1. Based on this model, can you work out whether Phe129 counts as surrounded by fewer than 19 Cβ atoms within 10 Å (Cβ to Cβ), in contact (Cβ under 8 Å) with a residue 12 or more places away in the chain and farther than 20 Å from Gly16 by Cβ?
2. Would you check if Asp101 is within 17 Å of Ile25 (Cβ to Cβ), free of Cβ contacts under 8 Å to residues at least 12 places away in the same chain and surrounded by fewer than 24 Cβ atoms within 10 Å (Cβ to Cβ)?
3. Taking the stated definitions as given, is Thr61 among the polar types (S, T, N, Q), under 29 Å from Leu10 (Cα atoms) and either loosely packed, with under 15 Cβ neighbours inside 10 Å or without any contact (Cβ under 8 Å) to a residue 40 or more places away in the chain (or both)?
4. If you scan the range 27-53, which residues turn out to be within 14 Å of the ligand (Cβ to nearest atom) and over 22 Å from Tyr125 (Cα atoms)?
5. I'm checking my understanding of the structure. Among residues of the range 3-15 that are within 15 Å of the ligand (Cβ to nearest atom) and of a type outside the set (Val, Ile, Thr), which one is nearest to Glu173 (Cα to Cα)?
6. On the basis of being within 14 Å of the ligand (Cβ to nearest atom), within 17 Å of the chain's Cα centre (by Cα) and of a type in the set (Gly, Ala, Ser), does Gly24 make the cut?
7. Inside the range 80-101, can you point out the residues that are within 18 Å of the chain's Cα centre (by Cα) and more than 16 Å from the ligand (Cβ to nearest atom)?
8. I need a count of the residues in the range 26-41 that are in a helix (DSSP H, G or I), over 14 Å from Val80 (Cβ atoms) and of a type outside the set (Gly, Ala, Ser).
Amino acid sequence: MKFFLDTADLDEIRTGLDWGMVDGITTNPSLIAQQGKSYLPTVREIARLVPGPVSGEVLATDPEGMLDEAHRLADLADNVVVKLPLSPVGLKIAAQLADEDIETNVTLCFSAAQALLAAKAGATYISPFVGRLDDVGQSGMELIEQIVTVYENYDYDTEVLVASVRHPMHVVEAAILGADVATVPFKVLAQLYKHPLTDAGLDRFLADWQKTGRSFDD
Ligand code: E4P
């Protein structure tokens, strides 16, 4: 399973890369706005920092504007993936970009029907938002299960990128279901390492050795 970091914060990205667990990055307009920086330069800077795929989203909603922004994003670097909203126009542009060998990430997916359309359009990634579905009383993981099944039924190449992840169990459940990617906030990546028995176990090992009064070499 690939882990992407869902952030535009360069410090978080540097730390995640240092830990060796970051295969790519997803950004969105809200995440870039939080950084108080310019839009395109931020995507460019992240793409320079990260060897893997970096999703940058178009801001335009009209076909010409979307296509123009998609090309400008793709021109930033080879590893930039163009993020498009799930709409008739978004999927039309996704199909056009697929013909041009430009990778796309179709975002704001909330149903298996929408995911099916994105695969038919030739999207590289589909991003179902599990946390936002849970928030409105629907099961995000049930959606992941449906999409994984539908894509397997028809051998679609579109990768299932689980988005809007809120806690480690989202990641574990997505992995059990065979999702290709989880994009996680930095906080969740850090939480994945943690278990109270690991901390307690290490404390006890070190305390037991310290009681001997000996050192590492001794
Ligand atoms: C995905 O690409 C989105 O950036 C993200 O996962 C949205 O998550 P949120 O619901 O926490 O805003």
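No lab work stands behind these numbers, since they all come straight from the coordinates. Note that the coordinates shown come from a computational prediction; the quantities given were computed from them, not determined experimentally. So basically every Cβ, Gly included, is an ideal-geometry build from the backbone, and we count neighbours across all protein chains shown.
1. Details: surrounded by fewer than 19 Cβ atoms within 10 Å (Cβ to Cβ): yes; in contact (Cβ under 8 Å) with a residue 12 or more places away in the chain: yes; farther than 20 Å from Gly16 by Cβ: yes.
Yes; evaluated as a whole, the condition is true for this residue.
2. Details: within 17 Å of Ile25 (Cβ to Cβ): no; free of Cβ contacts under 8 Å to residues at least 12 places away in the same chain: yes; surrounded by fewer than 24 Cβ atoms within 10 Å (Cβ to Cβ): yes.
Judged against the criteria, Asp101 is not a match.
3. yes
4. Ala33, Gln34, Gln35
5. The qualifying residue nearest to Glu173 (Cα to Cα) is Phe3.
6. Working: within 14 Å of the ligand (Cβ to nearest atom): yes; within 17 Å of the chain's Cα centre (by Cα): yes; of a type in the set (Gly, Ala, Ser): yes.
Yes; evaluated as a whole, the condition is true for this residue.
7. Within the range 80-101, none qualify.
8. Here the count works out to 4.
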